[in-house]
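Here the structure comes first, spelled out in structure tokens, and everything after it is commentary.
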Amino acid sequence: MDVNARNKSEALALWAALDSDPARALPKIDAVRHWQGPEPIGVQTSGADIIAALFAPLRAAVPDLRRQTHIFTGGQSSAHEDGHGDGASWVAGTGYYTGRATGDLFGMPISGHNLRLRWADFLRFDEEGRIVHAQTIWDFVDLLDLIGRPVLPRPRGALHVYPAPTGFDGVLDAPQDDAETAATLAMGREFIFGGLNRFDQSDLSSMGMARFFHPNIKWYGPGGIGACLSMTEFESLHQQPWLTAFPDRKVLHLESLFAEGRILSASGPRGVVATHTGRYLGHAPSGARIEVSGIDFWLRFGARFTENWVFVDMVHLFAQMGVDLFAGLGAEAKVEPA
């Protein structure tokens, strides 16, 4: 069994344990020294801590918890802009948690609701096949909107659109073609470091996004932003408002960037840095220097990306802007218009 197959087998076993009885998962993550959870969980420094802080509360609140996996992939990372170093082994996945909540979770009034919670995990393995570092984002903003307790204005994009890849081919449980993998990674590196980071703070075309995104790109954004179902929608509904609010944003501190076949994956709790200088989703500019905790998956078809699954820890982002998105959950919260 090669390294990637071994690591993916370990990831599947971990998820199965976490979903059925989180305590059973502890031996599989006893080497973890850093696990970035979603806000308000934050960083946990041991497997026992991340189970107690994140996975056990979810399982307790949703006894019939089920995991849907839309994308499952792994590979060797090339996350440094200069192309040197890195080489870490990662496995990643995303999809939905579903089930009926019988209790609340992290102050969110979810009890009595049928849930559909977007999840994404990135797991880094050492040479011995142990999980030593991880990042998890759960889309709480989308979940709260789904149960009728929105904490941000109605998204400009489409609500609650987060499907599996169009061809239902995102679960990569067999070896992928090495040439396809290399082509996807090369395109991803050029897209991120040669496209996104070339924004001149005035003209969207300065990034050359049309070289990388198909005109009918399906961009599945996080709660608060929504899905954009064409390049035109992506630019007008997400990119323009985002870059108006954070015009100096740069991709600087990715923890992972890897490909497997036609799927590209990236993660980083500090993957994008920016200054909040424009109004965003109903909130005035704070002038704060912010770090974006994000996760992305892209699907390549030929010479362009045709789908992009996007996570941003919006609760963490707004906390840096001086806004506690959970503050009003104990009462009917007033949401300012965008």
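Using the alpha carbons alone, the radius of gyration of the chain stands to its Kirkwood radius in an Rg to Rh ratio of 0.94. Ignoring the sites themselves, the chain has its longest run without GluC sites (Glu not before Pro) in a DSSP loop having at most 12 other Cβ atoms within 10 Å at 129-331. Among Ala11, Ala120, Ala274, which one moves the most in a GNM of the chain with springs linking Cα atoms closer than 10 Å? Evaluated over the chain, the most mobile residue of the options is Ala274.
Around the Cα centre of region 178-320, unit charges on the Cβ atoms of Lys, Arg, Asp and Glu (plus for the first two, minus for the last two) sum to a dipole of about 180 debye.
For region 73-200, a simple Cβ point-charge model (Lys and Arg +1, Asp and Glu -1, everything else neutral) yields a dipole of about 880 debye relative to the Cα centre. Among residues other than Ala319 whose Cβ falls under 12 Å from its Cβ, what is the net charge (Lys/Arg +1, Asp/Glu -1)? Once all neighbours under 12 Å are counted, the net charge is -4. Annotation: amide H of Gly271 within the under-5 Å range of Val292, Gly294, sequence separation 5 or more or interchain, hydrogens built in the peptide plane.
For the options Ser78, Ser236, Ser89, a Gaussian network treatment of the chain with springs between C-alpha atoms closer than 10 Å singles out Ser236 as fluctuating the most. Taking amide H as placed 1.01 Å from N in the peptide plane, the amide H of Arg249 sits under 5 Å from that of Thr275, each at least 5 places away or on another chain.
Let me know the volume per residue of the alpha-carbon convex hull for region 247-338, in Å³. Output value, Cα hull per residue: 127 Å³. For the options Gly42, Gly157, Gly75, a Gaussian network treatment of the chain with springs between C-alpha atoms closer than 10 Å singles out Gly42 as fluctuating the most. Cα centroids of region 233-305 and region 63-141: 18 Å apart.
Bear in mind that the values in this text are calculations on the coordinates, not laboratory data. Quantities reported herein were computed from a predicted structural model and do not represent experimental measurements. In this analysis, Cβ positions are derived from the backbone assuming ideal geometry, glycine residues included, and neighbour counts consider all displayed protein chains.
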